[in-house]
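What follows is a single structure, written as structure tokens, with notes after it.
The values are calculated or read from the model by the stated rules, or taken from the named source; none is laboratory data. Just so it is clear, the structure is predicted and the values come from calculations on it, not from any experiment. Cβ atoms come from the backbone with ideal geometry, glycine included; neighbour counts cover every protein chain shown.
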Amino acid sequence: MSEPVVEARGLVQIYEAGTTREVRVLRGVDLRVLPGEFLSVVGQSGSGKSTLLNVLGALDVPTSGTVRIDGIDLAGLAPDELADVRNRKVGFIFQFHHLLGEFTCLENTLMPLFLRGGTPSKAEVGRVKELLERVELSDQLHKRPSQMSGGQQQRAAVVRAMAASPRLVLADEPTGNLDSRSGARVFEVLRDVARQEGVAFLMVTHDQRLAGQADRCLRMEDGLLSETACPRPGD
Ligand SMILES: Nc1ncnc2c1ncn2[C@@H]1O[C@H](COP(=O)(O)OP(=O)(O)OP(=O)(O)O)[C@@H](O)[C@H]1O
Ligand SMILES: [Mg+2]
């Protein structure tokens, strides 16, 4: 059996611990995601979905519990070592896309390759351009975000997350700003890449139709993550 790409044990996240504003968001979350697995995460607003993604992607340090990415235990890593794991192993698609305004669409999508160090190879640039074509952005390559629609920016952010061939992709409402046709298209591209390249994929979504197409569906509730039946058409 293959090794999990991400393995979390007993994750607890408490904000403002010990104060009257204390919020216990994660109360002991366990999770394993295998290469090529595509998981959806649902749960009410405020249930801790984004908190979970931040902790799994080494953007935030949990109050307690462990996270391993590709066998690397994140506990005890220095901030620059955590940044290195993020750059090499993780792709993020945020709830809000955060493209950089002073760069073009193509430059934005190539950014993770530059951040990883060195100039991207021809093959790497070719792969990114192919992904841009698959999400129908070939005619937007040299535009800046302010000259693109919200949906076009969101699709560029999706390609950017895949640019450096991450092992783990964490997506927070990746299709939130897209109409149902582009949403379905983006979902298809993400799932194909996950399967072909053995990427582990975790997607938070309110879209029942997309959640239902995942390999496994998880629900965040009362600080815990549990397997749930994937919604199927007609539910
Ligand atoms: N830095 C922080 N400090 C204090 N509380 C926080 C912080 N970040 C998040 N919270 C709280 O933690 C809880 C979980 O937030 P989180 O953003 O993970 O929810 P979510 O499930 O992603 O919700 P949504 O579906 O609305 O995006 C919320 O009650 C939120 O107010
Ligand atoms: Mg959220």
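Here are some residues: Val41, Val61, Val85. Which one is closer than 22 Å to Arg9 by Cβ and away from ligand 1 (no atom under 16 Å from the Cβ)?
Details: Val41 fails: away from ligand 1 (no atom under 16 Å from the Cβ); Val61 fails: away from ligand 1 (no atom under 16 Å from the Cβ).
Step by step, each of Val41, Val61, Val85 is checked, and only Val85 is closer than 22 Å to Arg9 by Cβ and away from ligand 1 (no atom under 16 Å from the Cβ).
If the requirement is being in contact with a Leu (Cβ under 7 Å, 6 or more places away or on another chain), away from ligand 1 (no atom under 16 Å from the Cβ) and within 30 Å of Arg209 (Cβ to Cβ), which of these qualifies: Pro35, Pro4?
Numbers: Pro35 fails: in contact with a Leu (Cβ under 7 Å, 6 or more places away or on another chain).
The match here is Pro4.
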Out of Gly43, Gly57, Gly48, I need the residue that is more than 21 Å from Val85 (Cβ to Cβ), in contact with a Leu (Cβ under 6 Å, 6 or more places away or on another chain), within 16 Å of ligand 2 (Cβ to nearest atom) and not β-branched (Val, Ile, Thr). Which one? Gly48
Quick check, is Ala171 modelled with pLDDT of 90 or more, crowded, with 19+ Cβ neighbours inside 10 Å, small (Gly, Ala, Ser) and within 16 Å of ligand 1 (Cβ to nearest atom)? yes
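Using the structure shown, decide if Asn87 is among the polar types (S, T, N, Q), modelled with pLDDT under 95 and surrounded by 15 or more Cβ atoms within 10 Å (Cβ to Cβ). Let's see the steps before the verdict.
Numbers: among the polar types (S, T, N, Q): yes; modelled with pLDDT under 95: yes; surrounded by 15 or more Cβ atoms within 10 Å (Cβ to Cβ): yes.
Criteria met by Asn87.
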Condition set outside any helix (DSSP H, G or I) and crowded, with 19+ Cβ neighbours inside 10 Å, scope segment 181-211, selection nearest to ligand 1 (Cβ to nearest atom): answer is Val204
All positions within segment 101-113 that are more than 18 Å from the chain's Cα centre (by Cα), surrounded by fewer than 19 Cβ atoms within 10 Å (Cβ to Cβ) and in contact (Cβ under 8 Å) with a residue 40 or more places away in the chain: Gly101, Glu102, Phe103
Pairs returned, first residue in segment 62-76 that is over 9 Å from Val6 (Cα atoms), second residue that is modelled with pLDDT under 95 and part of a loop (DSSP other than H, G, I, E, B), beta-carbon separation under 7 angstrom, 6 or more apart or interchain, are Thr63/Ala17; Thr66/Ala75; Leu74/Ala58
For segment 1-24, pairs from a residue that is over 13 Å from Leu225 (Cα atoms) and touching a residue at least 60 places away in the same chain (Cβ under 8 Å) to a residue that is within 15 Å of ligand 1 (Cβ to nearest atom) and assigned to a loop (DSSP other than H, G, I, E, B), with Cβ under 8 Å and 6 or more apart or across chains, are Arg24/Gly223
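Specify which of the listed residues (Phe103, Phe92, Phe38, Phe114) is of a type in the set (Phe, Trp, Tyr) and within 16 Å of ligand 2 (Cβ to nearest atom). Write out each step before concluding.
Details: Phe103 fails: within 16 Å of ligand 2 (Cβ to nearest atom); Phe38 fails: within 16 Å of ligand 2 (Cβ to nearest atom); Phe114 fails: within 16 Å of ligand 2 (Cβ to nearest atom).
Result of the check over Phe103, Phe92, Phe38, Phe114: Phe92.
Only one residue in Ser138, Ser165 is among the hydroxyl-bearing types (Ser, Thr, Tyr) and more than 17 Å from the chain's Cα centre (by Cα), so which one is that? Explain how you work it out, then say what you get.
Details: Ser165 fails: more than 17 Å from the chain's Cα centre (by Cα).
Testing whether each residue is among the hydroxyl-bearing types (Ser, Thr, Tyr) and more than 17 Å from the chain's Cα centre (by Cα) leaves just Ser138.
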